[in-house]
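Okay, structure first, notes after.
The values are calculated or read from the model by the stated rules, or taken from the named source; none is laboratory data. None of these values were measured; they are calculated from a predicted model. Positions of Cβ are backbone-derived with ideal geometry, glycine not excepted, and every protein chain shown enters the neighbour counts. When the accessible area is computed, the model is the full protein with side chains, heavy atoms only, and any ligands, DNA or RNA have been set aside. Shrake-Rupley method; radii C 1.70, N 1.55, O 1.52, S 1.80 Å.
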Amino acid sequence: MATTFIQGSFKFEVLDEKKKTVKIKRKSEYETLSGKLVIPSSVTNEGINYKVVEIGGLVREGQAAKYEKIPDKRTALGYREGKMISGGCDALYAFEKTEIIELIIPNTITKIDRNAFRYCKKLTKVTLPEGLSVIAYYAFEYCESLKEVTIPSSVKEIGSYAFYHCKNLQSVTISQGVKTIGSCAFWDTKIKKITIPSSVDNIEYGAFANTKLSEAII
């Protein structure tokens, strides 16, 4: 089991004890965060200094819905799955559904995990550092106030649905070095113009679907 510790509003999970690296998320689902969120580049616990290299992780586990069997004469056994007897509970991730407005990420961060900032509807400004290599799927989904973003050259793949339904996102800069733009990555945004650098060799289905795109320079 991974070692974890809490400091302030954050919970840290040790990824590699030898390299002294950790992943960061908020400490609990009840921790409300707003305004500017500054991700620290390092943290000290019990006299040991750790480098913060990832953003993500579950804050609350999801639970599967359960169903009871109800009679059905159409099946050989006479039963089928039917009435739900207990509802499912959606999982909650890192800083998902918080009220942060600005996000500052240090250059120690190499990965933004799945759903990390999903449904941060008040988020207007994001600084993605050079050194970041992974923007996982759904990372910024439904960040409806976000208007611009620059993908640094260290990122090789923009994950599927990474900026899905960021409905006010107008300006996207994709730096030389990015290789893959994932499926539906910028679906339902306000992008009108995009320049695809020569390093990109794969644009997956629906990457710019349902946008206002009128010019693409490849």
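The set of residues in the stretch 176-188 being touching an Asp or Glu at 6+ places or on another chain (Cβ under 9 Å) and buried (at least 16 other Cβ atoms within 10 Å of the Cβ) consists of Val178, Thr180, Ile181, Gly182, Ser183, Cys184, Ala185. Only residues that are open to solvent by less than 60 Å² (accessible area, probe 1.4 Å) and among the charged types (D, E, K, R) were counted across the stretch 49-60, and they come to 1.
The C-beta contact set for the stretch 170-189 (first residue among the charged types (D, E, K, R), second residue part of a strand (DSSP E or B) and open to solvent by 10 Å² or more (accessible area, probe 1.4 Å), distance under 8 angstrom, 6+ apart or interchain) comprises Lys179/Glu157; Lys179/Asn202. Out of Glu46, Glu13, Glu29, Glu17, one residue alone is on the phi > 0 side of the Ramachandran plot, acidic (Asp, Glu) and open to solvent by 30 Å² or more (accessible area, probe 1.4 Å). It is Glu46. The residues in the stretch 172-193 that are closer than 16 Å to Ser153 by Cα and over 21 Å from the mean Cα position of the chain (by Cα) can be counted, and the count is 1. With respect to the stated conditions, Ser199 fails to be assigned to a loop (DSSP other than H, G, I, E, B) and surrounded by 16 or more Cβ atoms within 10 Å (Cβ to Cβ). Restricting to the stretch 139-162, give me the number of residues that are in contact with a Ser or Thr (Cβ under 8 Å, 6 or more places away or on another chain) and over 19 Å from Ser199 (Cα atoms). Within the stretch 139-162, residues that are in contact with a Ser or Thr (Cβ under 8 Å, 6 or more places away or on another chain) and over 19 Å from Ser199 (Cα atoms) number 5. Residue pairs whose Cβ atoms lie under 8 Å apart, separated by 6 or more positions or on different chains, with the first residue in the stretch 10-26 and more than 21 Å from Arg118 (Cβ to Cβ) and the second outside any strand (DSSP E or B) and open to solvent by 60 Å² or more (accessible area, probe 1.4 Å), are Val14/Thr3; Glu17/Thr3.
Screening Ile191 on (1) farther than 21 Å from Lys25 by Cβ; (2) part of a loop (DSSP other than H, G, I, E, B); (3) open to solvent by 60 Å² or more (accessible area, probe 1.4 Å) shows it passes everything except condition (3). Just give me the residues in the stretch 117-165 being in contact with an Asp or Glu (Cβ under 6 Å, 6 or more places away or on another chain) and part of a loop (DSSP other than H, G, I, E, B), in sequence order. Once the filter is applied, which keeps residues that are in contact with an Asp or Glu (Cβ under 6 Å, 6 or more places away or on another chain) and part of a loop (DSSP other than H, G, I, E, B), the stretch 117-165 yields Arg118, Tyr119, Lys121, Lys122, Ala136, Pro152, Ser154, Tyr161, Tyr164, His165. Within the stretch 32-43, being open to solvent by less than 30 Å² (accessible area, probe 1.4 Å) and either farther than 26 Å from Glu102 by Cβ or assigned to a strand (DSSP E or B) (or both) holds for Gly35, Leu37, Val43.
Do the conditions hold for Ile101, that is, is it part of a strand (DSSP E or B) and open to solvent by 70 Å² or more (accessible area, probe 1.4 Å)? Yes: the conditions hold for Ile101.
Would you be able to say whether some residue in the stretch 107-114 is in contact (Cβ under 8 Å) with a residue 40 or more places away in the chain, surrounded by fewer than 20 Cβ atoms within 10 Å (Cβ to Cβ) and among the basic types (Lys, Arg)? Yes: one or more hits.
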